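The values are calculated or read from the model by the stated rules, or taken from the named source; none is laboratory data. Bear in mind that the values here come from a model prediction, so they are computed numbers and not experimental data. Cβ coordinates were reconstructed from backbone atoms using ideal geometry, including for glycine residues, and neighbour counts include every protein chain displayed. Surface areas here come from the heavy atoms of the whole protein model, side chains and all, with no ligands, DNA or RNA. Shrake-Rupley method; radii C 1.70, N 1.55, O 1.52, S 1.80 Å.
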Amino acid sequence: MKFAFTEDQLLFRDTVRDFLAAECGPAQVRECAAGEGRSPARWAKLVEMGLTGLTVPEAQGGLGLSLVDGVLIVEEAGRAALPEPLVDQIAIAAPLLAAFADRTDVAEILAGIAAGTVKLAAGHPLDPFVADAGDADYLLLGREDALHLVPRGRVTVTAEVSVDPLRRIAAVDWTPGNDTLLSADPAILDRMLDLGGLAAAAQGLGLAQTMVDLAADYARTRQQFGKAIGSFQAVKHHLATVQVAIEFARAPVYKAAFTLAPRDISHARVAVIDAAAAAARTAIQVFGAMGYTYEVDLHFFMKRAWALAGVWGDRHYHLARLSRMVLSDDAALGADGTFADK
Amino acid sequence: MKLSFSAEDEAFRAEISGWMADHLTGPFARLKNRGGPGDEHAFFEERRAWERHMGKAGWIGVGWPTSAGGRGAPLSHQVIFYEEYARAGGPGRVGHIGEGLAGPTIVAFGSEDQKRRFLPGILSGDDLWCQGYSEPNAGSDLANVRTRARLVGDRWVIDGQKVWTSLAHVSDWCFVIARTEDGSSGHRGLSYLLVPMNQKGITVRPIQQMTGTSEFNEVFFDGAETAAENIVGKPGEGWKVAMGTLAFERGASTLGQQMAFRNQLDEIIAIAKANGRAKDPVMRQRLAEAWIGLQIMRANALRMLSQAGNPELPREAYVSKLYWATWHRDLGKLAMDVLGPEADVFPGEPGTYELTALQQLFLFTRSDTIYAGTNEIQRNIIAERALGMPREARA
Ligand SMILES: Cc1cc2nc3c(=O)[nH]c(=O)nc-3n(C[C@H](O)[C@H](O)[C@H](O)COP(=O)(O)OP(=O)(O)OC[C@H]3O[C@@H](n4cnc5c(N)ncnc54)[C@H](O)[C@@H]3O)c2cc1C
């Protein structure tokens, strides 16, 4: 047993982190929010780095990596509040489509994702809106227990406004057909929800860490009463408490990426939603009135975390699902229940 | 002890509720429930007219002494006034800083001339006020004020900067704490000046809030002037007067605030019942806990106000800001959790940034634990003043 990432996985993560620090810093996120909302130039670079094909099978020109590799990258996308829909490609669309790569049309789409020529959006029936639906070439949409792969031209998209100024959401109107059906496996939509939930959790982890980092930086420099406010124990303890919550959310997220077990995903989801909410509340508090402004970057991360907390099953949903599993009559007990993967 | 209302109280209730029913109509009808915290920008001019309308009818300064032009209403009437104002959906008051802070400060510390000069404008709803305390380097450490004022002939000349000044962009007057003794530091050498806002020496720059709108501002003083007599208290007594104002912030107006809280909680409960979240045991408990918190605040406020007139603020006065701010911040989160996924979508057209009332509540309540003394500062005050613990070491 070894619950740790490899050197290579961590190195890759660091490369992506450095890239996003240079290309998607808070100032660039702010610029994006004030302008077009998406940066085609940054997207091209993400494609060039091979990131869109991270989880696309090698046969379709991707890197063929797993979600254990992917989770670290998704966390970085969260840390940077990346506006472009990279996460939906690597953590939702490609893993779902990969199971159907023997279909030539699906194989072509996967190759397109890796090459950066095709973008997908994904929407679960639980969520009323789909992120980045307008820009997508294909949409993965659920209806009555079946998953459909729907070309953009067959979908009417009505834009809505998200609390996150950089999130683009829309209601989608479409009619399923035999030609759009991807899978009628009764478990397929649960799998989609799990992938979406994991993606949201991993991003939330990154977002929470950024909020704490921003607040800790501020606490080191902001002076009141002739001292850095970070020297006041009240401020220190606030931030330390949130860091504990983040660390204890991190392990379940990584575990969930490995097992992809619904139980672990729900656990990760609840832990991250709570940690991110605490991070937002605390970071604003540490920033004082500054934290309540649009002019300080913090709110971009807070609003992304807020928006992500509501999709792919919110806290309420995952806690209810988890309690059903934990309290069911055939739930594993004792040591079996602690370490079993299923 | 008596917790009920008398027949005379009930007659007063009929008077105010009748007045609200008759007057919050016609052009004012659309102001119902608008303009509260987070929504300050809504229908501003119309709310300004409403403020004047209230002033004409004598509904500003209900709790002020009659000698100052108020109604001198007893506590029970003030409670009733705020209850009925909130029940009717009375709009957020544009004059609350004048009525709640500037006015009472002038009543307590001002000269007779100042009372004659400034109180009528507040009572009529004509003059709006803002609070010029905070500066970039004087937030929690308010005594670190650097804005300077010099007496030149018959005028104070003011240079410096204030920040987070709520409603400065629409105010006629500002009460400013400025350093009037060269070389002084900390609480000493400060003075409390009343400064007209519409003048060349003052520049107001709005600060955008995370709600996308602007309620507070940066205010730059560049040779701004006010008449020599517009000082409350003596030169150097500014700190004492400023602290007096802060005490009013914890006064009767909290009753009105609690009624607004009550309306918000009722709305959240109604939504939870309608969308099924009220069936969830966790939500049920959080809603019940919110109700308990509200009852605690109300009982505490009534107990505190029943002792009004005591020169020393009782312990429960120290704890109330901390309690309501934290409770309200939690309520904002509870509202979002009750709404579920719906909470994440703004109601406007793409390209706009409009919030629903509950989204405004959520975002605005992020700041409740910051303004009027942060939670951390409140805890320090409770520990040091109520519990007599040693003061924190300062650099
Ligand atoms: C919505 C809103 C409206 C406002 N309106 C006005 C207004 O009209 N007029 C006006 O003058 N001001 C106004 N303010 C400013 C308000 O009074 C200040 O924000 C407040 O005093 C805190 O100061 P600060 O923001 O500079 O935070 P800071 O003082 O920089 O505090 C930052 C963090 O450090 C903590 N901290 C600081 N000192 C200590 C300590 N000794 N021990 C432990 N922790 C500490 C704080 O609690 C906080 O968490 C408003 C603020 C807001 C948010």
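Structure above, values below:
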read-out	value
Residue among B:40, B:112, B:84 with the largest mean-square fluctuation in a Gaussian network model of chain B, springs linking Cα atoms under 10 Å	B:112
Amide H within-cut-off set for residue B:346, under 5 Å, with H built and near neighbours excluded	A:161, A:162, A:163
Fraction of the pair-distance distribution of segment A:7-183 above 19 Å, Cα-Cα pairs, percent	57
Max mean-square fluctuation residue, GNM over chain B, Cα-Cα springs under 10 Å, options B:321, B:279, B:115	B:279
Principal-axis tilt of helix B:7-23 within chain B, Cα atoms, nearest 10 degrees	90
Accessible surface of segment B:156-206, 1.4 Å probe, proportion on carbon and sulfur as whole %	48
Efficiency of FRET from Cβ geometry, residue B:208 and residue B:234, R₀ 60 Å, rounded to 0.05	0.95
Segment A:88-136 and segment A:285-302: distance between their alpha carbon centers, rounded to Å	34
At least 50 Å² accessible surface lost relative to isolated chain, residues of segment B:113-144 (1.4 Å probe)	B:141
Relative contact order (%) - criterion: Cα under 8 Å, at least six apart; region: chain B	13
Alpha carbon centroid spacing (whole Å) that separates segment B:316-371 from segment B:95-140	28
Overall dimensions of segment B:258-384 as given by Cα atoms, namely Rg and Dmax in Å	16.8, 55
Of B:299, B:357, B:168, the one that fluctuates the most in a GNM where chain B has Cα springs shorter than 10 Å	B:299
Residues residue B:146 and residue B:342, FRET efficiency given R0 of 51 Å [Cβ-Cβ distance, rounded to 0.05]	0.65
Inter-site label distance for residue A:115 and residue A:135 at 7 Å from Cα along Cβ, in nm	2.0
The protein assembly as shown: C-alpha pair distances exceeding 49 Å, %	24
Between 0 and 90°, nearest 10: helix A:315-327 axis offset from chain A longest Cα axis	70
Angstrom value of the Kirkwood radius, inverse mean 1/r, which spans all Cα pairs in chain A	20.7
Reciprocal mean inverse distance between Cα atoms of segment A:155-302 - Kirkwood radius, Å	17.6
Normalised alpha carbon radius of gyration of segment B:7-94 [divisor 2.2 N^0.38 Å]	1.08
Gain upon complete extension [residue B:391, residue B:9; 0.36 nm per residue less C-alpha separation]	133.0 nm
Three principal axis lengths of segment B:129-236 [C-alpha, angstrom, descending]	42, 28, 21
Debye-sum result for segment B:1-156 in log10 I(q)/I(0), which assumes one identical scatterer on each alpha carbon, at q = 0.10, 0.12, 0.19 Å⁻¹	-0.45, -0.63, -1.23
Beta bridges per DSSP with both ends in the protein assembly as shown, % antiparallel, nearest 5	85
Fraction of alpha-carbon pairs over 26 Å apart in chain B - percent	56
